[in-house]
Each structure stands twice: as structure tokens, then as C-alpha cells.
Number of protein chains: 2
Amino acid sequence: MRAIATHPAARGLADDAAVLEVGGETLVLTHDTMVEGVHFLPGQDPTDVAWKLVATNMSDLAAKGAQPLAVLLSYQLGRDDAAFLRGLQAALQHYGDAALLGGDTVRADGPQSVGLTAIGRASHRPVPSRSGAQVGDGLWITGPVGAAMLGLEALRAGTGDSSAYRHPSALLVEGQMLAPLVSAVMDVSDGLLLDASRMADASGVTIVVERMAVPIATPEARRDEALRWGDDYQLLFTLPADVPPPCPAWRIGIVLERQSAPILLDGAPVSGRLGYEHGQADGA
Amino acid sequence: MRAIATHPAARGLADDAAVLEVGGETLVLTHDTMVEGVHFLPGQDPTDVAWKLVATNMSDLAAKGAQPLAVLLSYQLGRDDAAFLRGLQAALQHYGDAALLGGDTVRADGPQSVGLTAIGRASHRPVPSRSGAQVGDGLWITGPVGAAMLGLEALRAGTGDSSAYRHPSALLVEGQMLAPLVSAVMDVSDGLLLDASRMADASGVTIVVERMAVPIATPEARRDEALRWGDDYQLLFTLPADVPPPCPAWRIGIVLERQSAPILLDGAPVSGRLGYEHGQADGA
């Protein structure tokens, strides 16, 4: 697909969102699709599915420091369409009254598929990317990872607090505070280690993550899982060594010249799976 | 969904596309989703599926007189992804090099679902809608209907010319010529009679279609089917009585004050199905 997406606005498809100059404004555009049984549980409350669909798209805008402007919905009719619409409306209101402009509704067999295109307005230019990490920068994250993992387990078990999985928060305010300062930024959707390795690849550097410095929402025994689990939508970013973060954040690593591996955990290459790879059917 | 889509840009979800003012530009935004077994045949060449996905979205832009700017793709992996991408690239090039900016790729079971968000730039303001038809206007169409119906039959039979179904054309040039002149315009995607009735409802008028004046691509015996079949993507529009069309077009009716029915065929209400209703799983 990269061979087709040659327009500079596409950013080589290596970023959270596209950035398009139109009429003196800089628009940020993203689309996320969620499929029943892949991105949400069969039988999950449609209100929560709608919330998550909005939040994942808003998180892509957050990573660009953008303010939400509008959305278009692709909706496959499901079990309880009214519940989905209630969740959609609540989430759009929560995220600054992004306007539902239209979209398409289809009836089809098979697992339900829902998609959202979100359009935002950049609050700072140039719009930050994941490709600007510089040697010597610090690596930071806005909050703990692993909460969505525990939330999914609670939801599957039918007991405990599942809200972190069901109602993720997109960090739009933090994203706008970060945009003028960061050298690179992205949202953590597929796992900290995997997303950090993508930032390293995009930036042509190696990123060292200090394992014990990462804030986690899980018991200590599950730290390594938490570092590989997605769906928390924290913002991961790099800052020059002498620049303090403008919002609450944890310093979890450093940027080095490119080594043989994109990412090192406490100085050593990481073996095995780093997170949730797109195209997997068995992931979160 | 109309209860949520209250922003003026959404046009009450009663139009082909949304119209959004950004900076000094007027953007036109649309999203169409196509599902295997509903909007395309199981086993249909993915190159053609991609072409049609682009064409249906471009046709929505054509109805607004917009120039294509960019697209975002929602893609469920299928049998032959390379073939789909070839068709996507060919169609985007055909329609003025609209830039593929990004999107999302998912792996899922069940019928393949593909979606496209298209963003265009209005060539004329105010951007025309389907709701402006005035009493006394003439009703016009840019070309014959029924070609896609014959094309689908040829494709199913495995013999004959199926190109009208597989490779529909979006009338972008005609749409831009029409935008400054028309009182109302829309593309015919779901059947001439059904779409004309939607224009009549949106405009608060009754539209009389002169049955024998409609150009058809079928044998005369199948005229009534051709008037109810979609997928031809002609532009249907109304013009003041004294204004000639700026592009090749057929005059097929007239606009009257609102009667009990939105549409009359040779002066009489139409019974039965008018075209392809969204949400049907058995349509074209």
C-alpha cells in the first residue's frame, strides 16, 4: 500500500494519521476499523464498542496534537443499534462535540464491522510525527500500561473493573500540550515495546526502555505482559534531555544511535512478541 | 442517527455528502462501505471491487461538483490483496490522482468489507444539494440507466459485456459543470425512481418522471426494471425551465407542487419497489 500512498500528506503510512494542508488550515485525518471477535468481544455492550471506536480515533488525533472537528461513520447493523448510537453520541460529546457528518450503513452477515474516519485541526505546526526522535532524547509516557489488559480479563470473567478496556481515554489535551515540544510522539495502541520499536524504526534510532521505570497498572509479576499489551492509549514521546514534560509523565528510557535492534530492554534486545501486530486475528 | 448529526455540515444526513467549511476552503466528505455478497459478488475480481469502491465515492463528490483531494481506506484482507491494490491505484489515478492518505487494515472472518472515505474540494459555492428542486424546474439525467443491470447479468452468466457493472464511471467533470446552474442534483446509485423520490422528499415537491423520456441501456421490454436499478451513477438534476444543461443530458420530467406522493410516473403514483433500499441484503 505504501507504493500507492506517495503523497507527502500520507507520511508514508508510517504515522498515526495523515496531515493535509487545506485552505490555510492543517487537517489531521485518521480511520480505524473494529471487527467483532478481533477488536471487541462478541456480545460486548454496543455502547462500549461505540465509545472505543471514537476513543481509538481520537487517540490518533491526540498523537498529532489535533482538535477534533468531525467524524464519518461506517456502520454494519448489529444486535442493538440504538445502544451503539447512544455510545457514539456520548463519546462524541465527551471529545469536544466532534460533529457526526455522515457515513454509510450496511446490513451484512458475519462478524460486525464498524469504522470511523476522524478529522481534526492541528493545534501546532509543524504537526509532530513518530519519526523525529533524536539521539540523546529522553523517552516518556503519560501513564501506566496494562490497565486495559486487566479490564479485558475482568470483562471476560464477568467480575471486577473492566472500565479501562471498555472506556479508554484519548489524551487530547495532553497531545496539544506536547505537540510544540516533542521530537517524536505516538499513541500506544498495540503495546509499549512494539510501538516504541516502530518509533525507533521511523526515526532511524534505537530506543532503550528501562524496564523498571515503566509505570504499570498490574501487579509486578505481570510487568512483562503489561509492556506488550495495547489498548491503553497512553502517549509515548521523546523530548530533548533538558526539556521537562508539560504534562504528567514518566521518563522510561533514552534514544541512542541506531544499533542492530530498534529497541533494547535494559540494554538487551527483546526476544519474542513485542505486542499486538495488525493482521493478527487473535489479539486484543 | 439524524438525532446525533445535528451539525449543519451533515445536511441532516439527507445528502450525498457532507459539506464542511475549513479555513478558506469548502470540503466535501463522503464514506461508502461495500460488503461481499451485498454490494459485490463473492468471487468478483478484487481489482474491479476496488474500482467500484472508488467510483461510488467519487460519484458522491461529483454530485457536489467537488474535485477529489484525498481518500482513506478501510480494508479487510481478502483473497487477493495485490489485485485490490492494483485496482485502487488505477481508479485513484483515473480520478485525478486523489491521494491515498492512510486508513486501516484488518483481518476478519466472514464476508469481506471494504470502505473508503473521500475528501474533495468544492468547485462552486454554495455547494448544490438534493433539496433545492423548485416548482416548474425541468428534471434531467446525464445518460441512460440499466447498463449496470445488464452488466451484472453478464458477469453472473460469465458471458457478455459486464463492464458497466464492474467499471462504473463517476461524472466528476459533469458535476463541476452542473454545480453553478442546478437547483438540485444527486447521483443515481439506488435506482432512478427511488433517488428521484428522495430528491422530491428533500425538496418538499413532487417530481413527475416521463417514463418514455428516460434514456435506457436495455431493450424496451425491460424499461421498468431499468428505471428501478441502481449502480449506473448518472447525475440526476433539476434546472429552471429556461436554462439549458451545460453537458449532454436528457430531459425526463418536471417538478410540481407537493402532491400526496413524492413521485409520479406519467402522472400516476408508482406502486411497489422503487429501487434498492439501503439495509436490504438482497440488492445489487
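The values are calculated or read from the model by the stated rules, or taken from the named source; none is laboratory data. Nothing here was measured: the structure is a model prediction, and the numbers come from that model. Note that we place each Cβ from the backbone using ideal geometry, even for glycine, and neighbour counts take in every protein chain shown.
Summary of values
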read-out: Filtered residues of the range B:111-121 (kept if at the interface with chain A (Cβ under 7 Å from one of its Cβ atoms) and either within 21 Å of residue A:21 (Cβ to Cβ) or touching a Phe, Trp or Tyr at 6+ places or on another chain (Cβ under 7 Å) (or both)); value: B:117
read-out: Checking residue A:96 against (1) outside the structural domain of residue A:195 (by TED's automatic domain parsing); (2) surrounded by 20 or more Cβ atoms within 10 Å (Cβ to Cβ), the condition it does not meet; value: (2)
read-out: Residue that is nearest to residue A:116 (Cα to Cα), among those in the range A:29-57 that are within 11 Å of chain B (Cβ to nearest Cβ) and among the small types (Gly, Ala, Ser); value: A:50
read-out: Selection count where residues are over 26 Å from residue A:200 (Cα atoms) and assigned to a strand (DSSP E or B), scope the range A:121-152; value: 1
read-out: Flag for residue B:67 being at pLDDT 95 or above, surrounded by fewer than 20 Cβ atoms within 10 Å (Cβ to Cβ) and either among the β-branched types (Val, Ile, Thr) or outside the structural domain of residue B:176 (by TED's automatic domain parsing) (or both); value: yes
read-out: Residues of the range B:260-277 classified as touching a residue at least 24 places away in the same chain (Cβ under 8 Å) and either surrounded by 14 or more Cβ atoms within 10 Å (Cβ to Cβ) or under 16 Å from residue B:192 (Cβ atoms) (or both), total; value: 12
read-out: Count of residues meeting criterion [at the interface with another protein chain (Cβ under 8 Å from one of its Cβ atoms), touching a residue at least 24 places away in the same chain (Cβ under 8 Å) and aliphatic (A, V, I, L, M)] in the range A:1-28; value: 2
read-out: First in the range B:91-110 and at the interface with chain A (Cβ under 7 Å from one of its Cβ atoms) and more than 25 Å from residue A:71 (Cα to Cα), second anywhere and of a type in the set (Lys, Arg) and not in a loop (DSSP other than H, G, I, E, B), Cβ under 9 Å, 6 or more apart; value: none
